[in-house]
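The values are calculated or read from the model by the stated rules, or taken from the named source; none is laboratory data. The model shown is predicted, which means the values in this text are computed figures rather than measured ones. Methodologically, a virtual Cβ is constructed for each residue, glycine included, from the backbone with ideal geometry; neighbour enumeration extends over all protein chains shown. Just so you know, the surface numbers come from the protein's heavy atoms only, side chains and all, with ligands and any DNA or RNA stripped out. Shrake-Rupley method; radii C 1.70, N 1.55, O 1.52, S 1.80 Å.
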Amino acid sequence: MRMFKVTACVPSQSRIRTQRELQNTYFTKLVPYDSWFREQQRIMKMGGKIIKVQLATGKQGANTGLL
C-alpha cells in the first residue's frame, strides 16, 4: 500500500489569561494514497499549510506510467 508522510502546520487557538494567542502546531502523519485528497482538504479548511510530502512506502511513480 502506498503511504505519504505529510508534515503540516495548523494554527490552534488557546486562551491564555484574557487574550487569545495564535499558536502553530506542527505534526507529521502517515496518510494512505486513497485518502490523500481528503486529508489535504481537511488541513486547508483548518487554515493550515502543508510543508512537506514524502512517499513513505510503495514505488515512486507507480501510478503515473513511469516505471
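Key figures for this structure:
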quantity	calculated
One residue from Gly61, Gly65 being open to solvent by less than 50 Å² (accessible area, probe 1.4 Å), in a loop (DSSP other than H, G, I, E, B) and either out of contact with any Gly (no Cβ under 8 Å at 6 or more places or on another chain) or at pLDDT 90 or above (or both)	Gly61
All positions within region 33-49 that are outside any helix (DSSP H, G or I) and open to solvent by less than 40 Å² (accessible area, probe 1.4 Å)	Gly48
Of all residues in region 14-32 being open to solvent by 80 Å² or more (accessible area, probe 1.4 Å) and of a type in the set (Val, Ile, Thr), the one that is modelled with the lowest pLDDT	Thr18
